[in-house]
Amino acid sequence: MFWKFDLHSSSHIDTLLERDDVTLKELMDEEDVLQECKAQNRKLIEFLLKSECLEDLVSFIIEEPPQDMDEKIRYKYPNISCELLTSDVSQINDRLGEEESLLMKLYGFLLNESPLNPLLASFFSKVLSILISRKPEQIVDFLKRKHDFVDLIIKHIGTSAIMDLLLRLLTCIEPPQPRQEVLNWLNEERIIQRLVEIVHPSQDEDRHSNASQSLCEIIRLSRDQMLQVQNSSEPDPLLASLEKQEIIEQLLSNIFHKEKNESAIVSAIQILLTLLETRRQTFEGHIEICPPGMSNSTYSVNKSVLEAIRARLSAFHELLLEPPKKSVMKTTWGVLDPPVGNTRLNVIRLISSLLQTNTSSVNQELIELNSIGVILDMFFKYTWNNFLHTQVEICVALILASPLESAENGTLTDRDSTDNLLLKGQGDNLLLKHLFLKCQLIERILDAWEMNEKKQAEGGRRNGYMGHLTRIANCIVHSTDKGPNSTLVQQLIKELPEEVRERWETFCTSSLGETNKRNTVDLVTTCHIHSSSDDEIDFKETGFSQDSSLQQAFSDYQMQQMTSNFIDQFGFNDEKFADQDDIGNVSFDRVSDINFTLNTNESGNIALFEACCKERIQQFDDGGSDEEDIWEEKHIAFTPESQRRSSSGSTDSEESTDSEEEDGTKQDLFESHTNAEDKMEVDLSEPPNWSANFDVPMETAHGANLDSVGSDVWSTEEPMPAKETGWASFSEFASSL
């Protein structure tokens, strides 16, 4: 084998390191420098650990490359330097984390003016992040001594890499006690208040977005940590600060400034949505778009957050009516003036999250403002905005699934007590009544459906909200039958005008039922296996024969389980790499039990095939002394007519016919092939010898004379001398053509 001779070539880096004058750039120019560093090349690591080399590596990361360099290679050395320093070599991590001068040099990058170079900022953030992960105590202690660290983070928060660095401080420190110390330190530095101040119309969009994303991640990380460490005696100070009512009021005060800034509004709503997030169990039996159930939430929403939002609901409602001004949008089907916009879409998302909390005071405020009616108006106005339609559908589903509220204390009740409260007159669901009576949901569904059918009958296009409208109608039907408010929904439907009630009942049994039936049909023609004998497989559409045996065989095949090793071998056939003797031992499990009983009438063909085999196939004769040497070189001679046909592109069957005529066979192989459906017959002048001759050209299989080989195949002249055997001569082709 090749490794016996030790053909492995040593790296060129080792050769360079033997020189006394080798430079860092020369090593960084080598393609395998990163590979050798990660492979712990001793000589290379020792070279990189030199003080001047480490300083140069840090300098490459934090200093702007020359402007006159080619853009393709301008950031080559900064990139390689970053990869070398973050290759997770313990010796490099130790030197960087312990030498104050290197840390000071690295920290100096934050002292640059905004905006920072985003690529260099990513290199800086990556190096410092791995140091925080590998040397948390040293790095955190160093950062704490820098009193301007949080100020610089806030200053450069518009750069995404700096935002990532802030989050690394919260995620890369795993021990509980050091992590708690970092949280307390950042809370003392008022990091939450400073980030909230950035979400203001006076700041630019990048700072809005990154500050909002930072706060959202802090909320999620803090809650996840609380779940993992449930016995922690100290609460998360950052989350506690953010959930304070005065902080939320400051955030809302910033965005409801005199100037309506969409970026600031959307960023603030993202923070509120994260604060309102709860992990809930699924609502059993409801439509799949319906949000999670109304109990057993993992996170509880802070009441101070809800109260701060409730006080500003009128301002959010005003945004639905008068959003930030946007230019007219021209689309392929019409003009949007004004378009929905990101602001109104996020306000509706906020309303759906508030509905999920099912807070009595919030629900009452929404009823007084008629916010549900406004978003329903938008649903039918903006026909093709499915983002809007989805949020409106969620709002309707939440109202239909919301438990009943107690009139005495406003607390939520389970489903069992819902019916009792309703019977005693002690409970109410004002929001559900508002949806049916004031918003007239049933009437609007019926009118929109009829208008769409009329439009389609005239050759128009189906409205874009029809799919969501169908799901809303199905949600109402489900709530009437099995929902937690089924008694109240039935009562509200009975209170509808008689004409509307009759239209709804007819709609549910006809139009809605037909639509649901169409929606359950597969988009492609497939063959389904049903337990009921009434639903027969349509083999005409699938292309299968209607023969009962084939149907049964196909059904049995579909019902088979996968083999045990199907997943492991899917897309990879091990038999290609196995010994041929072992292939026969492969287990087929239950697939081998499939019985494909084919009802075909081929007894005549089978009998003919067996007869031909008995007549034509000759047994192997291992002891025959007259057996020809299969390795003996033979000569093939073709007639001039055969040569001309070969040169003019004749087929193998034609060459075979000519050679057989020359030998006196006179059998047309083409005719034999066309009659193969009626008979299977091999008509050769002599029984074939089963000793394989692999060196004989393909033409010999059709009856060619085995007396010549090489150039004689193409020539009618005397065979060429032995030294020319095996070479073809084309000199005669011109005359034959």
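The values are calculated or read from the model by the stated rules, or taken from the named source; none is laboratory data. Note that this is a predicted model, so its numbers are computed, not measured. Cβ sites come from the backbone with ideal geometry, for glycine too, and all protein chains shown count toward neighbours. With ligands, DNA and RNA removed, areas are computed over all heavy atoms of the protein, side chains included. Shrake-Rupley method; radii C 1.70, N 1.55, O 1.52, S 1.80 Å.
Table for the structure above
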quantity: Hull shadow area, averaged, segment 1-148 [alpha-carbon convex hull, nm²]; calculated: 11.2 nm²
quantity: Accessible-area composition of segment 207-268, carbon plus sulfur, in percent [1.4 Å probe]; calculated: 45 percent
quantity: Probe 1.4 Å, protein heavy atoms only - accessible area per residue of segment 98-192 in square angstrom; calculated: 43 Å²
quantity: Carbon and sulfur %, accessible surface of segment 121-167 computed with the full protein complex present, 1.4 Å; calculated: 50 percent
quantity: Size of segment 57-121 as Cα extents on the principal axes (Å, biggest first); calculated: 35, 24, 15
quantity: Heavy-atom accessible area ranking, 1.4 Å probe, most first, across Lys303, Lys38; calculated: Lys303, Lys38
quantity: Segment 183-249: Rg to Rh, with Rh as the Kirkwood radius over Cα pairs; calculated: 1.01
quantity: P(r) of segment 60-216 over all Cα-Cα pairs, binned every 5 Å from zero, in whole percent; calculated: 1, 8, 18, 21, 21, 15, 10, 5, 1, 0
quantity: Rounded to whole Hz, the Karplus (6.51, -1.76, 1.60) HN-Hα couplings of segment 505-516, x for glycine and proline; calculated: 5, 5, 4, 5, 7, 9, 4, 5, x, 5, 5, 4
quantity: Quarter of Cα convex hull surface for segment 22-105, i.e. mean projection, nm²; calculated: 5.5 nm²
quantity: Tail fraction, Cα-Cα pairs, segment 309-402, threshold 16 Å, whole percent; calculated: 54 percent
quantity: Hydrodynamic radius (Kirkwood) for segment 35-79, which is based on Cα pairs only, to one decimal in Å; calculated: 11.9 Å
quantity: Relative packing of peptides 121-132, 461-472, 172-183 - highest average C-beta neighbours within 10 Å first; calculated: 121-132, 461-472, 172-183
